[in-house]
Each structure stands twice: as C-alpha cells, then as structure tokens.
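In what follows, a structure is listed as structure tokens, so that the remarks can point back to it.
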Amino acid sequence: MIREETVKLIQKYGGAVPRYTSYPTAVELHAGFMEADAISQLENLDEKEAVSVYVHIPFCHSLCHYCGCHTKIVSHTEVISTYVDMLCNEIRIAASHVTAKIKISRIHFGGGSPNYAPVSDIEKILNTLRACFFVDDRMRVDMECDPRLLTEEKITALSRIGIGRVSLGVQDFDENVQKAVHRIQPLEHVQDQVKFLRRVGINDINFDLIVGLPVQTFDSVRKTVMETIKIRPSRIAVFAYAHVPWMKKHQKLLEQYRFPTPQERFMMQEDVNTALCQAGYIPIGIDHYALPESSLLQAQSLGTMRRNFQGYTDDVATTILGFGLSAISQFKNAYTQNSLDAPSYRKAIDAGRLPVAKGYVMTPIDIETGWAIMQLMCYSQLDISKCPGVPIAHEKLEELERDGIIRTNGSIIVITQMGKPFTRVVASCFDPYFQAENYKKEGRHAQAI
C-alpha cells in the first residue's frame, strides 16, 4: 500500500519534466542553426578523441500505438534500401568536411526497427563508414531490434557482419497489454531469439520494458519481470510510458483503455525495482539495471558512465555523429538535428548538402550545466562547488530537501533513496530554460511519474 506522504509527493512533483538525455534538451534546438554551423563542427573534430556514430533507420513493419519514435510504417524493404543509399551518401558528404583522422569507436543502430532492414543494407552502411573513417579494431556495433523480426538465420547474418550487442524491445509479455498497444509478441518467440543470439556469441543483451501502458496491472507487470529474470538479459531498461498524443497522434488510440494512475505507476516501478534487485540486478541511474559483470556497471563504478539520447551508456565518446532522418549529432559544444521529413532530407542529400534542420551552440555555462545534470542523472549526487557558474533554483532545492527528496552536506547534494523516482525533478533545478517563468512545460515533456 502506498504511503500518504508518497501520494502527496507524486501529486506535487509528478508533472512534466525533461528526461535529460541531453542538455540543453532537444526542445531547445532551433532552425537558426545552419548547415555552415554543422560543417564548422565537423571541421574542428579532434583526431585524438574517440567518436561514436548513431545510424537512424526510421522504419517499422507495424505501428505500435505507444510509440513515441520518429518512424514510418512500410510494407516492403525496397523503401529501406533506397533510404540506405541516401544515408550512405550523407555519410560521404559529412566525411568530406572532416579534416582530422577521427577514429570511430562505436556504432549504434536505432529506429524504428533497424533489424527490419535487409542485412545487406546494414553491411553497406558499415562498409561506407569504414571507407570514410578510421574504424577501431575493437569497435562495438549495437543494434536495437524488434524481436518479431528476428529469426535464427537473420541473427546469424547480423553476427557475421559484426553486430555484438542488441537491445530487444520487449515492453510487456502480457497478451492483453500486447493487444491493446498493437504489438503481439509471444514470450516463446522472444525466448527462442535470445537462445539464437547467445548461440552465435551475442551475450550482451538488453531488454526494454515499459511501465504505465494501458490495461497493465500489478500482476501483469510482475509476471513480465519474472519472465525477464528467467531469461537473464545482461541489462534491463524499465521506462515509464510517455503519453504525448499532441506529438504522436496515434497514441490517442490508447485512450479507450484504462491507464494505471500515477500512484499505481509509482508502485509498479517499486515492485519492479524490488524484484530485479532480489534477482541480482544492480540499479543504474533512474531506469536501468545491470548484472554485476556488465560493462555498464563497471563504467558506473569508474565514473565514466554517461547518459545520451540512447540512454545510459559506457561509451566514453563525447562526440556522436548522427546519420539518417531526424538523427541528432552531439559535439563538444553543439547539437545538430537532421530533417524530420523525407522530402527535405532527400533534397539536401541530392544537392550534396548536409540535411541539417536545426541545432544549438552551447555556451560555457550550458556545458557546465550539462555536466552538473549528468552527475545527478548518472550518480544521484553533485558537488555544486565544482560548477560555480551554473544557475540554481535554490528555493526549489530547499523545498526538495524539506520533502526528503534530497539531503545536503555542505556543497554536496545527494538524492535520497526515497527521492530516486524524482531525479529528473532535482535535475530540473539546474535547468534555467525549464525554470523560466514563460517556459511552456506542458506539452513539451513527459510526466515525471
């Protein structure tokens, strides 16, 4: 039974707040950032520092009604192959502006459903990257996968071209939930695909689960977690469902069903946390869990874990080159985002231009603020004496301390165990954009709880 004090905290702090996978957040990117700005960032890359690559494959074979991603539904893969040709040209255009001999240390395929693409297309992208940049022999290639589109044959082929880690979009094993969200995915099929992955040596496997989906119950969530524990993936991400129908109109289809209340979502998350910890998983950040031998946990212990648009990562690269429709690139002092619509993307590529739609150049204070928020999101604490230039909402922090969400010891702020679910709220106290009186919070971010 949830305590009355917790209910009051949820009511008080459970509103819209950024997820802080970046700082400034993506809503601050603007169209005043031009292609010339992006070219300048590429020209100034430092060859001494590792660079990662994010490749966006924005296609799925079926629309999941909870989805908040930039994706398109296509019935055949010829469309994807045409898109991949354009994407490879984008890589070549970007490489023509890079003067340094940069080293690619990691590649991440996201989507959409990257494994919907023919393996030959994924291989074409990898070969293009190798032709344009120096690729580290120890480079790791990660891929987000829809388990429904995996087979033993496809897994073998993906392993052959170098895929070494996969993240499976499981979400929920309950049949009623799957029907409601339009994603039928039998438990037995997922179990089989994990066996095939391990058989070819892909043992670094992540499961994505979602709490807060329509018709979920405490019992259904508990059963999903217990089945997940039996399969024993090395990592588990437990995301809170973000209902943003003003951005993703298809989510309105879910409103015919009952959603868990904020209080129920909170308790479901607590149940999940208890079950995973009892099974030997270690909590990481606000929504990730890892087995003790996981490289992510090792990065956390070394203080090298980071949070970016892909979530928590052990990738030490501070520069991420994003390729594909809507992809975001992250530089030391800037973000750039590609066009979100296919005609504009194609027009730019055909003209030999970078398909930049918007971006943001960070100030020194932005960079310092981003570091402070990263400490809170990754390690649940911050020494504010190390970021003297960061604007802080002190009154809000004092209120959070009175409510037991944080405690302070001199210049050290620590998020309490009770306060962990409100980590994003604590981080927002260091975000001047969010604290601005004229900031339109509703309609821009998901609920904290």
**Message:** Pairs needed: first member in region 412-437, over 18 Å from Asn273 (Cα atoms) and part of a loop (DSSP other than H, G, I, E, B); second member anywhere, at pLDDT below 95 and polar (S, T, N, Q); C-beta distance under 9 Å; at least 6 residues apart or different chains.
**Reply:** Cys429/Gln435; Asp431/Thr25
**Prompt:** Which residues, taken from region 339-358, are farther than 12 Å from Ile93 by Cβ and touching a Phe, Trp or Tyr at 6+ places or on another chain (Cβ under 6 Å)?
**Reply:** Ser339, Lys358
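Does Ser81 meet the test of being surrounded by fewer than 21 Cβ atoms within 10 Å (Cβ to Cβ), in contact with a Pro (Cβ under 9 Å, 6 or more places away or on another chain), part of a helix (DSSP H, G or I) and in contact (Cβ under 8 Å) with a residue 12 or more places away in the chain?
Working: surrounded by fewer than 21 Cβ atoms within 10 Å (Cβ to Cβ): yes; in contact with a Pro (Cβ under 9 Å, 6 or more places away or on another chain): yes; part of a helix (DSSP H, G or I): yes; in contact (Cβ under 8 Å) with a residue 12 or more places away in the chain: yes.
Yes: the conditions hold for Ser81.
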**Request:** May I ask you to list the residues in region 203-218 that are touching a Leu at 6+ places or on another chain (Cβ under 8 Å), part of a loop (DSSP other than H, G, I, E, B) and surrounded by fewer than 20 Cβ atoms within 10 Å (Cβ to Cβ)?
**Result:** Asn203
**Request:** Answer yes or no as to whether Val181 is among the β-branched types (Val, Ile, Thr), within 18 Å of Leu63 (Cα to Cα) and touching a residue at least 60 places away in the same chain (Cβ under 8 Å).
**Result:** yes
**Request:** Quick one: in region 9-49, of everything that is surrounded by fewer than 16 Cβ atoms within 10 Å (Cβ to Cβ), assigned to a loop (DSSP other than H, G, I, E, B) and among the aliphatic types (A, V, I, L, M), which residue is nearest to the chain's Cα centre (by Cα)?
**Result:** Ala31
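Can you spot a residue in region 259-267 that is of a type outside the set (Phe, Trp, Tyr), closer than 25 Å to Asp146 by Cβ, assigned by TED's automatic domain parsing to the domain that holds Asp146 and touching a residue at least 12 places away in the same chain (Cβ under 8 Å)? So that I can check it myself, show each step before the final result.
In the first step, residues of region 259-267 are kept if they are of a type outside the set (Phe, Trp, Tyr); the result is 260-265, 267.
The next check asks that each one be closer than 25 Å to Asp146 by Cβ; those that pass are 260, 265.
Checking the rest, the ones that are also assigned by TED's automatic domain parsing to the domain that holds Asp146 come to 260, 265.
Subsequent filtering for residues that are touching a residue at least 12 places away in the same chain (Cβ under 8 Å) retains 260, 265.
Yes: region 259-267 contains one or more residues that are of a type outside the set (Phe, Trp, Tyr), closer than 25 Å to Asp146 by Cβ, assigned by TED's automatic domain parsing to the domain that holds Asp146 and touching a residue at least 12 places away in the same chain (Cβ under 8 Å).
Yes or no: region 41-48 includes at least one residue that is among the basic types (Lys, Arg) and without any contact (Cβ under 8 Å) to a residue 40 or more places away in the chain. Walk me through how you get there before you give the answer.
Residues of region 41-48 that are among the basic types (Lys, Arg), as a first pass: 48.
Keeping just the survivors that are without any contact (Cβ under 8 Å) to a residue 40 or more places away in the chain gives 48.
Looking through region 41-48, at least one residue is among the basic types (Lys, Arg) and without any contact (Cβ under 8 Å) to a residue 40 or more places away in the chain.
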**Prompt:** Out of all the residues in region 334-369, which are within 20 Å of the chain's Cα centre (by Cα), hydroxyl-bearing (Ser, Thr, Tyr) and part of a loop (DSSP other than H, G, I, E, B)?
**Reply:** Ser339
**Asked** Before we move on, is His243 in contact (Cβ under 8 Å) with a residue 60 or more places away in the chain and part of a helix (DSSP H, G or I)?
**Response** no
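For the condition without any contact (Cβ under 8 Å) to a residue 60 or more places away in the chain, within 24 Å of the chain's Cα centre (by Cα) and part of a helix (DSSP H, G or I), what is the one hit in Val221, Val238, Val166?
Numbers: Val238 fails: part of a helix (DSSP H, G or I); Val166 fails: part of a helix (DSSP H, G or I).
Criteria check complete, one pass: Val221.
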**Request:** Output the qualifying pairs, or none if there are none: Cβ atoms under 7 angstrom, residues six or more apart or on different chains, first residue in region 376-389 and closer than 9 Å to Ile413 by Cα, second residue in a helix (DSSP H, G or I) and charged (D, E, K, R).
**Result:** Ser380/Lys420
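In region 351-375, how many residues are out of contact with any strand residue (DSSP E or B) (no Cβ under 7 Å at 6 or more places or on another chain) and in contact (Cβ under 8 Å) with a residue 24 or more places away in the chain? Spell out how you get there, then give the answer.
Quick first cut of region 351-375, residues out of contact with any strand residue (DSSP E or B) (no Cβ under 7 Å at 6 or more places or on another chain) only: 351-354, 363-371, 373.
If we keep only those that are in contact (Cβ under 8 Å) with a residue 24 or more places away in the chain too, we end up with 352-354, 364-367, 369-370, 373.
Adding up the residues that qualify gives 10.
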**Fill in**
Selection over region 264-285 where residues are within 26 Å of Gln11 (Cα to Cα) and of a type in the set (A, V, I, L, M, F, W, C) yields a count of 6
**Request:** Search region 368-411 for residues being of a type in the set (A, V, I, L, M) and farther than 28 Å from Phe239 by Cα, and hand back the single one that is surrounded by the most Cβ atoms within 10 Å (Cβ to Cβ).
**Result:** Val390
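The values are calculated or read from the model by the stated rules, or taken from the named source; none is laboratory data. As the structure is a prediction and not an experimental result, all values here were calculated from the model. Here the Cβ is made from the backbone with ideal geometry for all residues, glycine too, and neighbour counts use every protein chain on show.
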